[in-house]
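K.L.:
Below is the structure I would like to discuss, written out as structure tokens.
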Amino acid sequence: PGTRRGAALTELRPAARPGTGTVCLVRAPGTPLSALTRVAYAYRGPEAVVLLRPPPYADASAADAVVGALTDLGGPLVLGAFCGGGERAHALAGQLVAAGSRPPGVVLTGTATPAGAFAHTLEAVVRRIR
């Protein structure tokens, strides 16, 4: 589902207008794609919603490419993950800051959280970091 935006990112929903920012859903191994797609459809903000696929990559250059791809998106960035992707989202936030990016918002939630509730929380965090 969506448009590829590099090796690790898939656009699930485009931004309503340029420069509004991005919500990046961090997919953990085993997380059903449908769960994250439901969050993207429930999200009502103007930001783009992209999916960061689980890492088949273990080397530093692949991790650097992900950081570069997220940095290139521009605007405010919020990383969102169900519990299994939380460690990866947190580590990615640290890598972005170490690379000189503005600290992203990070939203972690349990797997039982309904898509609409998760989307609403993501919207609130985006408003807070603007």
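K.L.:
Quick check, is L52 of a type outside the set (S, T, N, Q), within 21 Å of R13 (Cα to Cα), touching a strand residue (DSSP E or B) at 6+ places or on another chain (Cβ under 7 Å) and at pLDDT below 90?
P.N.:
So L52 fails the test.
K.L.:
A further question on this structure: Can you find a residue that is under 13 Å from the mean Cα position of the chain (by Cα) and touching a residue at least 40 places away in the same chain (Cβ under 8 Å) anywhere in the stretch 106-114?
P.N.:
no
K.L.:
Which one is nearest to R128 (Cα to Cα), of the residues in the stretch 15-40 that are assigned to a loop (DSSP other than H, G, I, E, B) and small (G, A, S)?
P.N.:
Here the residue is G21.
The values are calculated or read from the model by the stated rules, or taken from the named source; none is laboratory data. Model, not experiment: these values are computed from the prediction. Note that we place each Cβ from the backbone using ideal geometry, even for glycine, and neighbour counts take in every protein chain shown.
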